[in-house]
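The values are calculated or read from the model by the stated rules, or taken from the named source; none is laboratory data. Keep in mind the model is a prediction, meaning the values are calculated, not measured. Here the Cβ is made from the backbone with ideal geometry for all residues, glycine too, and neighbour counts use every protein chain on show.
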Amino acid sequence: MKRIATLSTTLGLALLATGAQAQSLYGEVGYTGLDYKQPGLKASPGMVRGLMGYELTPQLAIEGMVGLSANSDTTKGTQVKLDNTVGVFGKAQVPLTDALKVYGRVGVARNSVKLNGNSDSNTGLAYGAGLSYDLSKATYLNVDYMRYQDKNSKTLDGVTAGIGFRF
């Protein structure tokens with residue numbers, strides 16, 4: 001956790017420093033409906049996700065992400081709650097129209113899920129795809145699907161709907 005937190009903080013500070021010189025810095029906030037699965041258990045907690053990104057080119061960006069619990073889900077007597085998730089990603093995007101873009105994201109995420117109050121943390125490959133629609137030059141809507149974890153017979157994925165702002 002310390003390595004990813006340090007990396008995410010460093011990435012965020014670097015993005016802020018470079019964003020002062022360019023209009024390529026952006027941020028997003030959204031709600032994610034999650035699906036957590038492990039043998040014998042399936043639950044649907046929620047999270048609030050924040051993301052900061054920097055466009056290296058109009059087609060490529062780097063991003064740092066933090067997700068925090070919005071709600072828990074109890075199933076089969078087990079309370080499942082996302083404690084937190086942090087990640088660093090590369091993003092490739094292609095415009096479909098002037099306002100509509102499709103993108104793919106791949107990187108590393110660390111997820112901490114609480115099962116009846118006991119933490120279960122995993123770090124690994126995370127990936128997904130989504131769409132964004134420009135409302136103006138500074139504001140856009142987005143929706144995406146992400147697989148945050150697929151390790152040790154446990155999966156964590158979700159669909160996020162959110163709003164983004166370019167600075």
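Pairing residues of the stretch 154-166 that are free of Cβ contacts under 8 Å to residues at least 40 places away in the same chain with residues that are surrounded by 16 or more Cβ atoms within 10 Å (Cβ to Cβ) and of a type in the set (S, T, N, Q), at Cβ distances under 7 Å and at least 6 apart in sequence or on separate chains, gives no pairs at all.
Check the stretch 119-126 and report whether any residue there is touching a strand residue (DSSP E or B) at 6+ places or on another chain (Cβ under 8 Å) and closer than 17 Å to Arg49 by Cα.
yes
Yes/no matrix, rows are residues, columns are (1) at pLDDT 95 or above; (2) in a strand (DSSP E or B); (3) touching an Asp or Glu at 6+ places or on another chain (Cβ under 9 Å); (4) farther than 12 Å from Leu82 by Cα:
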site: Gly27; (1), (2), (3), (4): yes, yes, no, yes
site: Tyr36; (1), (2), (3), (4): yes, yes, yes, no
site: Met47; (1), (2), (3), (4): yes, yes, no, no
site: Leu51; (1), (2), (3), (4): yes, yes, yes, yes
site: Tyr54; (1), (2), (3), (4): yes, yes, yes, yes
site: Gly64; (1), (2), (3), (4): yes, yes, no, yes
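Filtering Asn142, Asn111, Asn122 for residues that are under 18 Å from Ile62 (Cβ atoms), in a strand (DSSP E or B) and polar (S, T, N, Q) leaves a single hit, Asn142.
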